[in-house]
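K.L.:
First, the structure itself, so that you have it in front of you.
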Amino acid sequence: MKTLTKADYIEGILSGNTVVLSRAITLLESTRDDHQALARVVLEDLLPFTGKAKRIGITGVPGVGKSTFIEAIGEKLIGEKFKLAILAVDPSSQLSKGSILGDKTRMENLVGNPRVYIRPSAAGEALGGVSRRTRETIMLCEAAGYDYVIVETVGVGQSEVAVHSMVDLFILLMLPGAGDELQGIKRGIMEMADIIAINKAFEDDELKIKAKQAMQEIKNALHYYPQKEFSWLTKVKAVDALSGIQLDDLMVGVLQFFDHQNLKSYFTERRKMQDLYWFEESIKQQLLYKFYKDVKVKKEVSRLRAAILQGKISSFKAADELLNYRY
(Lines give C-alpha, C1' and ligand atoms only; values in the text may rest on other atoms or scores of the structure.)
Protein backbone atom coordinates (compact mmCIF):
# COMPACT_ATOMS: atom_id res chain seq x y z
CA MET A 1 0.00 0.00 0.00
CA LYS A 2 1.33 3.43 -0.95
CA THR A 3 2.57 5.60 1.90
CA LEU A 4 0.57 8.83 1.91
CA THR A 5 2.16 12.24 2.35
CA LYS A 6 0.64 15.20 4.16
CA ALA A 7 -0.49 16.61 0.81
CA ASP A 8 -2.10 13.27 -0.11
CA TYR A 9 -4.10 13.22 3.12
CA ILE A 10 -5.27 16.81 2.80
CA GLU A 11 -6.20 16.56 -0.87
CA GLY A 12 -7.97 13.23 -0.37
CA ILE A 13 -9.99 14.35 2.64
CA LEU A 14 -11.06 17.65 1.10
CA SER A 15 -12.20 15.80 -2.02
CA GLY A 16 -14.32 13.44 0.11
CA ASN A 17 -12.24 10.32 -0.59
CA THR A 18 -13.43 7.86 2.08
CA VAL A 19 -10.42 5.57 1.66
CA VAL A 20 -8.04 8.43 2.48
CA LEU A 21 -10.35 9.55 5.30
CA SER A 22 -10.22 6.06 6.82
CA ARG A 23 -6.45 5.98 6.57
CA ALA A 24 -6.22 9.40 8.22
CA ILE A 25 -8.37 8.19 11.13
CA THR A 26 -6.17 5.12 11.47
CA LEU A 27 -3.17 7.47 11.54
CA LEU A 28 -4.82 9.43 14.38
CA GLU A 29 -5.44 6.25 16.36
CA SER A 30 -1.89 4.97 15.94
CA THR A 31 0.46 5.11 18.95
CA ARG A 32 3.58 5.51 16.81
CA ASP A 33 5.30 8.87 17.33
CA ASP A 34 5.84 9.47 13.59
CA HIS A 35 2.18 8.73 12.88
CA GLN A 36 1.06 11.07 15.65
CA ALA A 37 3.33 13.85 14.36
CA LEU A 38 1.96 13.53 10.81
CA ALA A 39 -1.64 13.33 12.08
CA ARG A 40 -1.22 16.56 14.05
CA VAL A 41 0.15 18.41 11.00
CA VAL A 42 -2.66 17.13 8.78
CA LEU A 43 -5.29 18.11 11.35
CA GLU A 44 -3.83 21.60 11.80
CA ASP A 45 -3.85 22.22 8.05
CA LEU A 46 -7.45 21.02 7.81
CA LEU A 47 -8.62 23.15 10.75
CA PRO A 48 -10.06 25.96 8.54
CA PHE A 49 -12.34 23.38 6.90
CA THR A 50 -13.76 21.98 10.16
CA GLY A 51 -16.56 23.02 12.50
CA LYS A 52 -19.41 23.25 9.99
CA ALA A 53 -21.17 19.94 10.69
CA LYS A 54 -23.90 19.42 13.26
CA ARG A 55 -22.61 16.99 15.88
CA ILE A 56 -25.02 14.62 17.65
CA GLY A 57 -24.18 12.26 20.52
CA ILE A 58 -26.48 9.30 21.20
CA THR A 59 -26.38 7.10 24.26
CA GLY A 60 -28.52 4.66 26.23
CA VAL A 61 -28.36 1.36 28.06
CA PRO A 62 -27.61 -1.81 26.04
CA GLY A 63 -30.76 -3.10 24.34
CA VAL A 64 -32.40 0.31 24.05
CA GLY A 65 -32.05 0.20 20.26
CA LYS A 66 -29.30 2.76 19.58
CA SER A 67 -28.25 1.32 16.23
CA THR A 68 -31.85 1.03 14.98
CA PHE A 69 -32.49 4.59 16.14
CA ILE A 70 -29.36 5.92 14.40
CA GLU A 71 -30.27 4.07 11.23
CA ALA A 72 -33.79 5.55 11.31
CA ILE A 73 -32.72 9.17 11.78
CA GLY A 74 -29.85 8.59 9.34
CA GLU A 75 -32.34 7.67 6.63
CA LYS A 76 -34.26 10.86 7.39
CA LEU A 77 -31.12 12.98 7.03
CA ILE A 78 -29.87 11.43 3.79
CA GLY A 79 -33.42 11.73 2.47
CA GLU A 80 -32.92 15.49 2.85
CA LYS A 81 -29.69 15.16 0.80
CA PHE A 82 -27.38 15.61 3.79
CA LYS A 83 -24.11 13.71 4.11
CA LEU A 84 -23.82 11.71 7.33
CA ALA A 85 -20.84 10.30 9.23
CA ILE A 86 -21.46 7.78 12.02
CA LEU A 87 -18.74 7.07 14.58
CA ALA A 88 -19.85 3.95 16.41
CA VAL A 89 -17.61 2.96 19.31
CA ASP A 90 -17.61 -0.81 19.87
CA PRO A 91 -17.02 -2.59 23.14
CA SER A 92 -13.76 -4.47 22.82
CA SER A 93 -12.13 -7.45 24.43
CA GLN A 94 -9.81 -6.40 27.23
CA LEU A 95 -7.63 -9.37 26.30
CA SER A 96 -7.35 -8.97 22.54
CA LYS A 97 -8.37 -5.26 22.36
CA GLY A 98 -10.32 -6.22 19.23
CA SER A 99 -13.79 -5.11 18.33
CA ILE A 100 -16.45 -7.71 19.11
CA LEU A 101 -19.40 -5.96 17.48
CA GLY A 102 -19.84 -5.12 13.82
CA ASP A 103 -21.65 -1.80 13.62
CA LYS A 104 -21.71 -1.89 9.86
CA THR A 105 -23.76 -5.07 9.96
CA ARG A 106 -26.20 -3.39 12.38
CA MET A 107 -27.05 -0.54 10.00
CA GLU A 108 -27.78 -2.43 6.80
CA ASN A 109 -29.91 0.30 5.22
CA LEU A 110 -27.10 2.84 5.49
CA VAL A 111 -24.13 0.70 4.48
CA GLY A 112 -23.09 1.36 0.91
CA ASN A 113 -24.96 4.64 0.61
CA PRO A 114 -22.53 7.18 -0.91
CA ARG A 115 -23.85 9.87 1.44
CA VAL A 116 -23.01 7.83 4.55
CA TYR A 117 -19.66 7.05 6.17
CA ILE A 118 -19.62 4.57 9.07
CA ARG A 119 -16.52 4.13 11.18
CA PRO A 120 -16.64 1.35 13.78
CA SER A 121 -13.91 1.86 16.34
CA ALA A 122 -12.82 -0.46 19.14
CA ALA A 123 -13.02 1.24 22.52
CA GLY A 124 -10.04 -0.62 23.99
CA GLU A 125 -8.92 1.08 27.17
CA ALA A 126 -10.37 4.47 26.25
CA LEU A 127 -12.41 6.26 28.89
CA GLY A 128 -15.86 4.72 29.20
CA GLY A 129 -15.83 3.38 25.66
CA VAL A 130 -15.03 6.60 23.84
CA SER A 131 -12.25 6.11 21.33
CA ARG A 132 -9.19 8.17 22.24
CA ARG A 133 -9.26 10.26 19.09
CA THR A 134 -13.01 10.59 18.56
CA ARG A 135 -13.01 14.38 18.65
CA GLU A 136 -10.25 14.63 16.06
CA THR A 137 -12.08 12.08 13.92
CA ILE A 138 -15.16 14.31 14.01
CA MET A 139 -13.06 17.17 12.66
CA LEU A 140 -11.67 15.03 9.83
CA CYS A 141 -15.22 14.05 8.84
CA GLU A 142 -16.22 17.71 8.80
CA ALA A 143 -13.28 18.54 6.54
CA ALA A 144 -14.42 15.71 4.25
CA GLY A 145 -17.75 17.50 3.77
CA TYR A 146 -20.15 15.65 6.08
CA ASP A 147 -23.12 17.74 7.24
CA TYR A 148 -23.97 15.66 10.30
CA VAL A 149 -21.69 13.57 12.53
CA ILE A 150 -23.31 11.10 14.94
CA VAL A 151 -21.30 9.59 17.81
CA GLU A 152 -22.76 6.45 19.39
CA THR A 153 -21.46 5.44 22.81
CA VAL A 154 -21.34 1.93 24.27
CA GLY A 155 -23.78 2.64 27.06
CA VAL A 156 -24.52 4.72 30.13
CA GLY A 157 -21.28 5.50 31.95
CA GLN A 158 -18.28 7.82 32.05
CA SER A 159 -18.16 8.06 28.27
CA GLU A 160 -21.18 10.37 28.26
CA VAL A 161 -19.17 13.18 29.85
CA ALA A 162 -16.58 12.94 27.08
CA VAL A 163 -19.18 12.70 24.31
CA HIS A 164 -21.19 15.61 25.69
CA SER A 165 -18.05 17.75 25.49
CA MET A 166 -17.58 17.09 21.77
CA VAL A 167 -21.11 17.26 20.34
CA ASP A 168 -23.76 19.96 19.94
CA LEU A 169 -26.85 17.86 20.64
CA PHE A 170 -26.91 15.04 23.21
CA ILE A 171 -29.73 12.49 22.94
CA LEU A 172 -30.45 9.95 25.70
CA LEU A 173 -32.46 6.88 24.66
CA MET A 174 -34.58 5.11 27.26
CA LEU A 175 -37.04 2.23 27.35
CA PRO A 176 -40.70 2.28 28.44
CA GLY A 177 -41.06 1.60 32.15
CA ALA A 178 -38.70 4.39 33.18
CA GLY A 179 -39.43 3.94 36.89
CA ASP A 180 -36.81 1.20 37.05
CA GLU A 181 -34.79 2.83 34.29
CA LEU A 182 -34.37 6.12 36.16
CA GLN A 183 -32.82 4.31 39.11
CA GLY A 184 -30.03 2.97 36.91
CA ILE A 185 -29.15 6.29 35.30
CA LYS A 186 -26.85 8.78 36.93
CA ARG A 187 -28.37 12.18 37.57
CA GLY A 188 -25.55 13.83 35.63
CA ILE A 189 -26.47 12.01 32.43
CA MET A 190 -30.08 13.13 32.69
CA GLU A 191 -28.86 16.69 33.18
CA MET A 192 -26.67 16.52 30.09
CA ALA A 193 -29.42 15.27 27.77
CA ASP A 194 -30.89 17.84 25.38
CA ILE A 195 -33.51 15.37 24.14
CA ILE A 196 -34.71 12.25 25.94
CA ALA A 197 -36.37 9.71 23.64
CA ILE A 198 -38.41 6.78 24.92
CA ASN A 199 -37.73 4.17 22.23
CA LYS A 200 -39.83 1.06 21.45
CA ALA A 201 -42.81 3.01 22.77
CA PHE A 202 -45.42 1.75 20.32
CA GLU A 203 -44.68 -1.95 19.93
CA ASP A 204 -47.85 -2.96 21.80
CA ASP A 205 -50.60 -1.47 23.99
CA GLU A 206 -48.77 -2.28 27.23
CA LEU A 207 -45.64 -0.48 26.07
CA LYS A 208 -47.72 2.52 24.97
CA ILE A 209 -49.05 2.84 28.53
CA LYS A 210 -45.58 2.39 30.03
CA ALA A 211 -44.10 4.93 27.63
CA LYS A 212 -46.72 7.51 28.59
CA GLN A 213 -45.99 6.90 32.28
CA ALA A 214 -42.24 7.09 31.61
CA MET A 215 -42.57 10.44 29.86
CA GLN A 216 -44.46 11.90 32.82
CA GLU A 217 -41.97 10.51 35.34
CA ILE A 218 -39.05 11.94 33.38
CA LYS A 219 -40.70 15.34 33.00
CA ASN A 220 -41.37 15.40 36.75
CA ALA A 221 -37.75 14.48 37.47
CA LEU A 222 -36.44 17.20 35.15
CA HIS A 223 -38.23 19.87 37.20
CA TYR A 224 -35.78 19.23 40.03
CA TYR A 225 -32.70 19.67 37.85
CA PRO A 226 -31.00 23.05 37.42
CA GLN A 227 -31.74 25.01 34.26
CA LYS A 228 -29.62 23.89 31.32
CA GLU A 229 -26.96 26.10 29.83
CA PHE A 230 -28.13 28.39 27.04
CA SER A 231 -31.74 28.26 28.41
CA TRP A 232 -32.73 25.12 26.49
CA LEU A 233 -35.56 23.07 28.01
CA THR A 234 -34.96 19.32 27.60
CA LYS A 235 -37.51 17.73 25.27
CA VAL A 236 -39.04 14.33 26.11
CA LYS A 237 -40.29 12.32 23.14
CA ALA A 238 -41.84 8.88 22.60
CA VAL A 239 -40.76 7.09 19.40
CA ASP A 240 -40.47 3.69 17.80
CA ALA A 241 -37.36 3.70 15.62
CA LEU A 242 -38.09 0.32 14.05
CA SER A 243 -41.53 1.26 12.72
CA GLY A 244 -40.79 4.98 12.40
CA ILE A 245 -43.77 6.02 14.54
CA GLN A 246 -43.33 9.59 15.87
CA LEU A 247 -39.86 9.80 14.31
CA ASP A 248 -40.86 12.95 12.40
CA ASP A 249 -41.87 14.56 15.70
CA LEU A 250 -38.45 13.77 17.15
CA MET A 251 -36.71 15.23 14.09
CA VAL A 252 -38.72 18.42 14.61
CA GLY A 253 -37.24 18.53 18.13
CA VAL A 254 -33.74 18.11 16.68
CA LEU A 255 -34.27 21.01 14.26
CA GLN A 256 -35.75 23.16 17.05
CA PHE A 257 -32.63 22.56 19.11
CA PHE A 258 -30.28 23.72 16.37
CA ASP A 259 -32.49 26.72 15.58
CA HIS A 260 -32.42 27.64 19.26
CA GLN A 261 -28.64 27.28 19.44
CA ASN A 262 -28.12 29.44 16.37
CA LEU A 263 -30.58 32.12 17.48
CA LYS A 264 -28.26 33.93 19.89
CA SER A 265 -24.89 32.44 18.92
CA TYR A 266 -25.22 29.71 21.58
CA PHE A 267 -23.84 27.26 19.04
CA THR A 268 -20.55 29.18 18.77
CA GLU A 269 -20.25 29.71 22.52
CA ARG A 270 -20.75 26.01 23.26
CA ARG A 271 -18.03 25.09 20.77
CA LYS A 272 -15.63 27.58 22.41
CA MET A 273 -16.26 26.05 25.83
CA GLN A 274 -15.65 22.59 24.39
CA ASP A 275 -12.36 23.75 22.85
CA LEU A 276 -11.15 24.88 26.27
CA TYR A 277 -12.23 21.58 27.83
CA TRP A 278 -10.27 19.59 25.26
CA PHE A 279 -7.25 21.87 25.62
CA GLU A 280 -7.04 20.83 29.28
CA GLU A 281 -7.82 17.18 28.51
CA SER A 282 -5.08 17.08 25.85
CA ILE A 283 -2.56 18.37 28.38
CA LYS A 284 -3.51 15.60 30.82
CA GLN A 285 -3.35 12.90 28.13
CA GLN A 286 0.02 14.04 26.78
CA LEU A 287 1.53 14.33 30.26
CA LEU A 288 0.47 10.77 31.09
CA TYR A 289 1.70 9.47 27.75
CA LYS A 290 5.13 11.11 28.04
CA PHE A 291 5.45 10.12 31.70
CA TYR A 292 4.85 6.41 31.15
CA LYS A 293 6.93 6.37 27.98
CA ASP A 294 10.07 7.29 29.93
CA VAL A 295 12.34 4.20 30.10
CA LYS A 296 13.42 4.88 33.70
CA VAL A 297 9.81 5.37 34.76
CA LYS A 298 8.87 2.03 33.18
CA LYS A 299 11.53 0.24 35.22
CA GLU A 300 10.50 2.01 38.40
CA VAL A 301 6.83 1.18 37.80
CA SER A 302 7.72 -2.51 37.43
CA ARG A 303 9.74 -2.43 40.67
CA LEU A 304 6.98 -0.70 42.62
CA ARG A 305 4.26 -3.00 41.27
CA ALA A 306 6.24 -6.01 42.47
CA ALA A 307 6.72 -4.37 45.88
CA ILE A 308 2.98 -3.70 46.18
CA LEU A 309 2.12 -7.31 45.32
CA GLN A 310 4.62 -8.53 47.92
CA GLY A 311 3.09 -6.29 50.55
CA LYS A 312 6.30 -4.31 51.02
CA ILE A 313 4.75 -0.92 50.26
CA SER A 314 1.29 0.63 50.08
CA SER A 315 -0.08 1.77 46.75
CA PHE A 316 -0.24 5.36 48.00
CA LYS A 317 3.39 5.43 49.14
CA ALA A 318 4.45 3.75 45.89
CA ALA A 319 2.72 6.50 43.88
CA ASP A 320 4.51 9.16 45.93
CA GLU A 321 7.85 7.46 45.39
CA LEU A 322 7.28 7.23 41.65
CA LEU A 323 6.39 10.91 41.32
CA ASN A 324 9.28 12.00 43.54
CA TYR A 325 11.63 9.72 41.60
CA ARG A 326 10.63 11.30 38.30
CA TYR A 327 10.52 14.91 39.43
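K.L.:
Out of everything in the stretch 29-83 that is part of a helix (DSSP H, G or I) and among the basic types (K, R), what residue ends up being surrounded by the fewest Cβ atoms within 10 Å (Cβ to Cβ)? Give the derivation first.
P.N.:
Step one: filter the stretch 29-83 for residues part of a helix (DSSP H, G or I), giving 29, 33-49, 66-79.
Next, only the ones that are among the basic types (K, R) stay: 40, 66, 76.
Values: R40: 13, K66: 24, K76: 16.
Top of the filtered list is R40.
K.L.:
Can I ask one more? Consider the stretch 14-35. How many of its residues are touching a helix residue (DSSP H, G or I) at 6+ places or on another chain (Cβ under 6 Å), closer than 15 Å to E142 by Cα and without any contact (Cβ under 8 Å) to a residue 40 or more places away in the chain?
P.N.:
Of the residues in the stretch 14-35, 1 are touching a helix residue (DSSP H, G or I) at 6+ places or on another chain (Cβ under 6 Å), closer than 15 Å to E142 by Cα and without any contact (Cβ under 8 Å) to a residue 40 or more places away in the chain.
K.L.:
Among the candidates L255, L263, L288, L276, single out the residue that is of a type in the set (A, V, I, L, M), under 29 Å from D147 (Cβ atoms) and modelled with pLDDT under 90.
P.N.:
Details: L255 fails: modelled with pLDDT under 90; L288 fails: under 29 Å from D147 (Cβ atoms); L276 fails: modelled with pLDDT under 90.
Exactly one residue qualifies, and that residue is L263.
K.L.:
Being free of Cβ contacts under 8 Å to residues at least 60 places away in the same chain and farther than 14 Å from R115 by Cα, is that true of even one residue in the stretch 46-60? Can you show your working first?
P.N.:
Here is the first cut: in the stretch 46-60, the ones free of Cβ contacts under 8 Å to residues at least 60 places away in the same chain are 48.
Filter once more, keeping what is farther than 14 Å from R115 by Cα: 48.
Within the stretch 46-60, one or more residues are free of Cβ contacts under 8 Å to residues at least 60 places away in the same chain and farther than 14 Å from R115 by Cα.
The values are calculated or read from the model by the stated rules, or taken from the named source; none is laboratory data. Please read all numbers here as calculations on a predicted model, not as lab measurements. Don't worry about glycine lacking a Cβ; one is built from the backbone with ideal geometry, like all the others, and counts go over all protein chains shown.
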